[in-house]
Structures are given as C-alpha cells and as structure tokens.
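Here the structure is laid out as structure tokens; the discussion comes afterwards.
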Amino acid sequence: MIDAAAYTVVDRAEDEEALATVINGAAPAAMARACAARGLPFVHISTDYVFDGSGEAPWRPDDQTGPLGAYDRSKLAGEQGIAATGGQYAILRTSWVFSAYGQNFVKTMLGLAQSRDRLTIVADQVDGPTPAADIAAACLGLARGLAAGAGAPGIHHFSGAPDVSWAGFAREIFAQAGLAVTVEEIPAAQFPTRAARPANSRLDCSALEAQAGIARPDWRAGLTRVLAELAEAAG
Ligand SMILES: NC(=O)C1=CN([C@@H]2O[C@H](COP(=O)(O)OP(=O)(O)OC[C@H]3O[C@@H](n4cnc5c(N)ncnc54)[C@H](OP(=O)(O)O)[C@@H]3O)[C@@H](O)[C@H]2O)C=CC1
Ligand SMILES: Cc1cn([C@H]2C[C@H](O)[C@@H](COP(=O)(O)OP(=O)(O)O[C@H]3O[C@@H](C)C(=O)[C@@H](O)[C@H]3O)O2)c(=O)[nH]c1=O
C-alpha cells in the first residue's frame with residue numbers, strides 16, 4: 001500500500017493542529033497497522049519539514065528531528081506511529097513537490113506572473129524541489145522491493161537536485177517558461193507567514209541510492225516536463 005494522503009496546508013495547520021494530527025498522525029498509523037496485520041508492506045510519504053532547518057549540512061535519515069510548526073509535528077507523529085506498528089514499512093521524506101496537478105509553488109509562480117513583472121521571493125530557505133512523478137516512481141520501487149522481500153525498509157530521503165532557494169527555483173521557473181519576471185531576493189523575515197519554514201531543508205539522499213538504487217532526479221528536467229504538460233493542457 002502506498003499512502004500519499006495528507007493535510008498539507010502548512011500555514012492553516014497552525015490553527016487546526018488537532019485536525020492535521022488526526023490526518024497526518026493517526027490515519028497513517030491506522031493504515032500501517034492494517035497492513036501489518038495482513039503482512040502487507042506500507043509505503044508512506046513524509047517531509048523535510050520534520051527538521052528544524054539549522055546549519056547547512058544535508059539532513060540524513062537518522063538525524064535528530066525538530067519540527068518547527070504544526071504541520072511538521074503532525075507529519076513526525078505519522079512517522080512515529082507507523083514505526084510503532086512493527087510492520088514492514090518505508091517512509092520517503094521528500095520536499096517542495098511540484099507537478100502539473102493540484103496547488104504547488106510552480107503553479108503559484110505561473111499564476112502570479114499573469115499580473116506581476118517583479119516578485120520578492122525568499123532566498124534564505126534552501127531545499128531540493130521534487131517532481132511528483134519521480135516520487136511516484138520511487139514509492140513504487142520501494143513498494144516492489146519490500147513486497148519481494150529484498151527491499152529497503154525504514155526512513156529514506158528523496159529530493160530533486162541541485163539544492164536551491166525558493167528565489168532560485170522561481171528564477172528557473174520563469175526562465176524555462178519564457179516569462180520576463182524579475183525575482184528580487186528577500187530574507188524569510190521579510191515574508192512573514194503563519195508557520196515558520198526551516199531554512200536548511202537539504203536532504204542527504206545518498207543512503208536511498210546505495211540501498212535501493214534510487215538516485216536524486218534533476219528537478220530542472222522535471223520542471224521542463226511539467227511546463228510542457230501545463231502548456232498542452234492549456235491548448
Ligand atoms: N506538497 C509538498 O511540497 C510536499 C508534500 N509532502 C507529502 O507528500 C504527500 C502528498 O502531498 P501533496 O500531493 O502535496 O498533497 P495534496 O494536498 O495535494 O493532496 C493530499 C491528498 O490527501 C487527500 N486527503 C486529505 N485529507 C484527507 C482525508 N481526511 N481523508 C482522505 N484523503 C484525504 C486529499 O484528498 P482530496 O483531494 O479529496 O482532498 C488529496 O488527494 C503528503 O504526505 C505530504 O505531506 C512531503 C513533502 C513536500
Ligand atoms: C507566493 C510567495 C511565496 N514565497 C515563499 C514563502 C515560503 O517561504 C515559500 C514557499 O511557500 P509555499 O507556501 O508555496 O510552500 P510550502 O507550503 O511551505 O511548501 C511545503 O509544503 C509542505 C506540504 C511540505 O512538506 C514542504 O516540503 C514544502 O514543499 O515561498 C515568497 O517568498 N514570495 C511569494 O510571492
């Protein structure tokens with residue numbers, strides 16, 4: 001079973017932590033228990049936001065977690081609930097997910113570009129944007145490995161390469177989309193949000209590559225594919 005459901009509205013979670021904790025904490029634990037009872041492997045998606053964002057070194061899967069906000073705490077509760085079931089599981093911590101579907105930073109930037117030729121974007125939060133299609137492939141790979149009894153159980157890190165700031169990500173979006181939007185870099189302190197985001201969310205993904213042969217994808221190539229999908233959908 002692959003579980004990608006979650007409460008993902010990071011800012012609103014600050015006011016709805018109980019609800020976020022049921023959806024992100026109790027629900028995956030219940031699903032993992034049901035899988036364990038049936039001998040089925042359980043693959044779950046978690047987040048870089050379980051870390052406090054200190055330092056500049058990429059976080060390894062066994063590094064100390066330190067969630068800053070409600071969404072982050074609820075996702076960590078999910079990880080802990082799944083581990084406590086004692087079943088066979090793999091948790092993929094990923095970051096800054098984008099695709100042609102749903103709401104995400106790429107679509108927010110493209111939307112803002114309709115009415116703005118200059119944007120102020122946070123430059124002191126750094127991470128690896130990750131194409132959703134690559135996450136789906138990684139989850140399938142992990143699930144098949146576990147089902148075959150030769151997989152890589154436990155917590156894994158998986159994010160797109162290279163690491164970049166939100167401002168750098170935005171610049172690449174506008175460059176690839178051929179949009180003349182100037183990106184002005186600002187510190188997070190000048191873009192107040194309800195929930196604090198970690199400054200350093202770099203994920204060390206080397207263990208996943210060593211254990212399961214799943215390497216970091218280049219997010220810039222994924223972005224090219226997503227922009228092509230969006231252009232095709234727009235006719
Ligand atoms: N977005 C990101 O940048 C990142 C996401 N993640 C994780 O990746 C996973 C997928 O995230 P993402 O695709 O962005 O999330 P979305 O918010 O786009 O999708 C979440 C899905 O969960 C479903 N869902 C939410 N609440 C419930 C509920 N109570 N019962 C049943 N289904 C529910 C939603 O269903 P419906 O459409 O019907 O509302 C939706 O299909 C999550 O685990 C998230 O924490 C990790 C790192 C970064
Ligand atoms: C719209 C906008 C955002 N920003 C900043 C605010 C914030 O620091 C950053 C991204 O904000 P967003 O709200 O889009 O992204 P956010 O909701 O924080 O994304 C997170 O989602 C959850 C689900 C995760 O698990 C994380 O990995 C991460 O991807 O961009 C600007 O600097 N300028 C802008 O004009």
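The values are calculated or read from the model by the stated rules, or taken from the named source; none is laboratory data. As the structure is a computational prediction, the values presented were derived from the model and not from experiment. With ideal geometry, Cβ positions are generated from the backbone for all residues, glycine too; neighbour counts draw on all protein chains shown. For the accessible areas, the whole protein counts, side chains as well, though only heavy atoms, and no ligand, DNA or RNA atoms are used. Shrake-Rupley method; radii C 1.70, N 1.55, O 1.52, S 1.80 Å.
In whole percent, and with a 1.4 Å probe on the protein chains, what portion of the accessible area of the range 53-126 is carbon and sulfur?
49 percent
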Relative to the longest principal Cα axis of the chain, at what angle does helix 166-177 sit, 0 to 90 degrees, rounded to 10?
70 degrees
Take the eigenvalues of the Cα gyration tensor for the chain, scale each by 5, and report the square roots as semi-axes in whole Å, largest first.
30, 20, 16
For the chain, built as a Gaussian network whose Cα springs stay under 10 Å, the top-fluctuating residue of S206, S159, S46
S206
Semi-axis lengths (Å, descending) of the ellipsoid that matches the C-alpha gyration tensor of the range 1-94
22, 17, 9
The set of residues whose placed amide H lies less than 5 Å from the amide H of D218, leaving out same-chain residues fewer than 5 positions away, is A161
Between A84 and A133, what is the label-point separation in nm under the 7 Å Cα-to-beta-carbon projection?
3.9 nm
Considering amide H positions built from the backbone, and no H for Pro or chain starts, which residues 5 or more places from W59, or on another chain, come under 5 Å of its amide H?
R202, L203, D204
Show the residues, 5+ positions off or on another chain, whose built amide H is closer than 5 Å to the amide H of G53.
N200
For A5 and L19 in one chain, what is 0.36 nm times their gap in residues minus the Cα-Cα distance, to one decimal in nm?
3.7 nm
Treating every alpha carbon of the range 101-235 as one equal point scatterer without solvent, the Debye formula yields log10 I(q)/I(0) values at q = 0.13 Å⁻¹ of -0.64
Which residue fluctuates the most in the chain, going by a Gaussian network model with Cα springs under 10 Å, if the choices are L112, L40, L92?
L112
Within the chain, what's the longest stretch lacking GluC sites (Glu not before Pro) that sit in DSSP loops with no more than 16 other Cβ atoms inside 10 Å?
57-235
Taking only protein heavy atoms and a 1.4 Å probe, what accessible area per residue, in Å², does the chain have with all protein chains in place?
46 Å²
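Of all the accessible heavy-atom surface of the range 152-235, with the other protein chains kept in place and a 1.4 Å probe, what percent is carbon and sulfur? Spell out each step's value before the answer.
On the way: 2170 of 4070 Å².
About 53 percent, which is the carbon plus sulfur part of the accessible surface.
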At 222 nm, what helix-only mean residue ellipticity would the chain give, in deg cm²/dmol to the nearest 500, using -39500 (n - 2.57) for each DSSP H run of four or more?
-11500 deg cm²/dmol
